[in-house]
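Okay, so here's the structure we're looking at.
The values are calculated or read from the model by the stated rules, or taken from the named source; none is laboratory data. Computed from a prediction, not measured in an experiment: that's the story for all the values here. Note that each Cβ is placed from the backbone with ideal geometry, even for glycine, and that neighbours are counted across all protein chains shown.
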Amino acid sequence: MLKYMAKTLDCRLAGFVTSPYFSAQAVVTKSGSARLMRGELYLKTLNAGGDLLLFTGDEHYEDIGGEYDTAVNILRFFKRCGGRMIITAGGHVSPAESASKVYCFSTERSLLEGLVKAGAFRAPEGTPVVGISGVLVSLAGLRGVPAACLLAETPGLYPDVRAARNVVKIVCSFLGLELDLGGLDAEEQRVARLVKEFEKRYEALSQSTSLGSIVRELRRPDYVS
């Protein structure tokens, strides 16, 4: 979602974030070299004034300490840069295939009301928010930084482009950004093809008498929030 926004808004890559809490692996690049798993910072100076800074990463952290360590360092960097507001995004698991709501919570009532006006729904009391998207907002509140989180309803089993589109729409409405979402249609179709192919392979594998029990044992439900 954020990389699509960065590309469509013509943001420039401003820097990287590395952490010992990322998984211990490297990714081979197009040029044949290798890079560590990382987060990326994209910067865009808006026509209305001010800067938009997008932060996205290759993966979720494997250790809860990583969530807090990175969140604290992001907040320090954000405050040094004079940042005024943080919005994080994540998913909220919903069993309904047609679910399309985006829930939100915030450190400030005015920010919450603004996101609701832009199309989000207030998250019900007790809604669990797993990962740095929730940790960062909570720590931001303790440090006096206005922050909010958007949680899109999703089955949570595969990359959900529709859920991502719902979040992008609200962010753009709230920030007054104009963004062409046409490119997400092709991405949604690509993900749908990949999911169908995976399902076919899984079914073929599970039909094997020798491997069926192993597959069923290893299969675990994915959990976003």
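Worth a mention:
- Residue check for S98: free of Cβ contacts under 8 Å to residues at least 12 places away in the same chain, surrounded by fewer than 20 Cβ atoms within 10 Å (Cβ to Cβ) and part of a helix (DSSP H, G or I): no
- Residues located in segment 109-146, provided they are in contact (Cβ under 8 Å) with a residue 40 or more places away in the chain and outside any helix (DSSP H, G or I): A118, G119, A120, T127, P128, V129, V130, G131, R143, V145, P146
- Here the condition is being within 21 Å of L111 (Cβ to Cβ), within 15 Å of the chain's Cα centre (by Cα) and of a type in the set (A, V, I, L, M); of L179, L157, L151, L175, it holds for L151 alone.
- Selection from segment 144-173 of residues that are out of contact with any helix residue (DSSP H, G or I) (no Cβ under 6 Å at 6 or more places or on another chain) and at pLDDT 90 or above: G144, V145, L151, E153, N166, V167, V168, K169, I170, V171, C172, S173
- Matching residues in segment 56-84 - criterion: being over 21 Å from P128 (Cα atoms) and in contact with a helix residue (DSSP H, G or I) (Cβ under 7 Å, 6 or more places away or on another chain): T56, I74, L75
- Of the criteria (1) at pLDDT below 90; (2) within 30 Å of F16 (Cβ to Cβ), which one V93 fails: (2)
- Residues that are surrounded by 16 or more Cβ atoms within 10 Å (Cβ to Cβ) and not in a strand (DSSP E or B) within segment 86-95 comprise just one, S94.
- When the test is whether a residue is among the aliphatic types (A, V, I, L, M) and either more than 22 Å from G83 (Cβ to Cβ) or not in a loop (DSSP other than H, G, I, E, B) (or both), L179 does not pass it.
Residues checked against (1) of a type outside the set (V, I, T); (2) crowded, with 18+ Cβ neighbours inside 10 Å; (3) closer than 28 Å to Y158 by Cα:
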{"site": "G49", "(1), (2), (3)": "yes, no, no"}
{"site": "I64", "(1), (2), (3)": "no, no, yes"}
{"site": "R76", "(1), (2), (3)": "yes, no, no"}
{"site": "C81", "(1), (2), (3)": "yes, no, no"}
{"site": "Y103", "(1), (2), (3)": "yes, yes, yes"}
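- Strands (runs of 3 or more DSSP E) enclosed by segment 1-73 - at least 2 residues per element that are closer than 27 Å to C172 by Cβ and at pLDDT 85 or above: 12-17, 39-45, 51-57
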